[in-house]
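Written out below as structure tokens is the structure these notes cover.
The values are calculated or read from the model by the stated rules, or taken from the named source; none is laboratory data. The shown structure was predicted, so the numbers you read here are calculated from the model rather than taken from an experiment. Glycine gets a Cβ as well: all are built from the backbone with ideal geometry, and neighbour counts include every protein chain shown. In case anyone asks, the SASA skips ligands and DNA or RNA and just uses the protein heavy atoms, side chains included. Shrake-Rupley method; radii C 1.70, N 1.55, O 1.52, S 1.80 Å.
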Amino acid sequence: MTRISDMLDEEQKHESKDLERGLQDRHIQLIAIGGAIGVGLFLGSAKAISKAGPALLVTYAFAGLAVFFIMRALGELLIHRPVAGSFATYAEEYVSPWAGFVTGWTYWFTWVVTGMAELTAVGVYFHYWFPDIPQWIPALGTLVVLYGANLIAVKVFGEMEFWFALIKVLTIVAMLVIGLVIIIFGVGDLGKTASFSNLWSHGGFAPMGMVGVVLTLQIACFAYTGVELIGVTAGEAQNPEKVLPHATNSVTWRILIFYIGALIVLMSLVPWNELNPNMSPFVTVFEKIGIPAAAGIINFVVITAAASSCNSGIFSTGRMLYTLAQFKQAPAPLGKVNKSHVPATAITLSALFMLVGVALNYVVPEEAFVYVTSVATVGAVWTWGIIVWSHLKYRQAVKQGLATAVFFRMPGAPFANWFVLAFLALVVVFLAMDAGTRVALFVAPVWFALLTAGYLISKSRAASENGVLASETSR
């Protein structure tokens, strides 16, 4: 481990010269909040409500507890080594080089696929206002704008993501404030039926029983994916020792408030069994409140949510490829930065793959795209699992005197680590129970086998290059 640690110290020094620490505390907090609050809450939450009823709150709270420990584990590792490679670097150092390789490429693929899906969503949602426009035009336009912003400077990305996320946050806050006024003071027509008692008056708090809670556990789990983006920002954060702990702590409880608070108010304003599973609950509530053009407002918010997710995808995939190149686990040109101190080649490659994804939506069967996104689903579980496992190994290294302890520590370790790993294993089990997600468990072994082959090839190539270098040096 000492040899790997020395190598990573050199990489960290090299990275500090390459990348610019231009992300402020407000940028990082909104990047993480924006990454976790997306289309799933504004559109997909209605289906989750229909499966579990108000008991969905328990599901989100339980998943939120796991996310809290994941974020605290990540925060401790970030203070220990604030690098852009984040969890891929920690896996390299504390688990194995193979784990670092697999984590880096899996996270890259996860966000590339997410970017493909979000670009397609932008095209679909534009049809609400422009039904005759070809779907690929707004998708391509969005990609070009986001790609250009990511090439200019990390501050431009941070500022754009800040405002994207702020739109989503303000929408939720507006709903919370207006909703609470209606519930407490009985304002308007909706105030006559709005009540917190709606959470238990229509078939009970858990109308579907524990089955509903269990079946929505993976939905709640994946609703929170994106909070780990804080890790990817570490290499470009201003004053990481101060910013990262504050962002890690505040992001977790804010996301819990936005998710659980929003669901409480939504289901109190309109009983859960009156929400259309195929319509955004925000649209339903805003229309009943009497807000003009409610559907148009939410459509705009959803477009910004999709663009925000794609923006984060371009950023994170570029940094992950940059880190892989530093470890000689990706082509060397991907490890170069431009005059603005951003990994331009890595960003360009990621954007090109997302562009291919837009085209694939028109030429390949829908089932093929499901297989690809299934790998992304497993990628999220893998990333969270590797964070807490790397943290477990880091704590062991601290005890052995092989690593330095930091002031920001995850509470409850190592028991909290095992709790999160057990939770993620449970999520995988529930994936197998659903026909729509079961395909992920068939595709994942193939993906990891391909990555293992890629790792062996890169390891062999690196060994031969080192051999040639040693031979030339001896001469």
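Numerical summary
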item: Probe 1.4 Å, all protein chains present, accessible-area order of Lys393, Lys155, largest first; result: Lys155, Lys393
item: The range 29-149, Rg to Rh (Cα coordinates; Rh as Kirkwood inverse mean 1/r); result: 1.05
item: Rough spin-label spacing in nm, given labels placed 7 Å along Cα→Cβ, for Asn239 and Ile133; result: 4.2 nm
item: At 1.002 mPa s and 20 °C, Stokes diffusion of the chain via Kirkwood alpha-carbon radius, µm² per second; result: 93 µm²/s
item: Per-residue SASA entry for His80, accessible area with 1.4 Å probe, Å² rounded to 10; result: 40 Å²
item: Solvent exposure of the chain as accessible area per residue, Å², 1.4 Å probe; result: 40 Å²
item: Area of Glu241 that stays accessible when all protein chains are in place (1.4 Å probe, Å², to 10); result: 100 Å²
item: Förster-model FRET efficiency, 51 Å R0, Gln400 and Leu180, C-beta, rounded to 0.05; result: 0.50
item: Where Leu140, Leu217 fall by accessible area, highest first, once all protein chains stay in place (1.4 Å); result: Leu140, Leu217
item: Contour excess over end-to-end distance, with Cα ends at Ile260 and Phe419 and 0.36 nm allotted per residue; result: 55.1 nm
item: Residue-span extension gain [Ser250 to Lys155] - 0.36 nm each, minus C-alpha spacing; result: 32.1 nm
item: Within the chain: Cβ-based charge dipole about Cα centre, in debye rounded to nearest 20 (Lys, Arg +1; Asp, Glu -1); result: 660 debye
item: Peptides 119-129, 206-216 ordered by average Cβ neighbours within 10 Å, highest first; result: 119-129, 206-216
item: Anisotropy class of the range 400-466 from Cα gyration tensor, a/c 1.5 cut; result: oblate
item: With DNA, RNA and ligands ignored, accessible area of Ile291 (1.4 Å probe; Å², nearest 10); result: 50 Å²
item: Ordering of 394-402, 83-91 by packing [mean C-beta count within 10 Å, highest first]; result: 83-91, 394-402
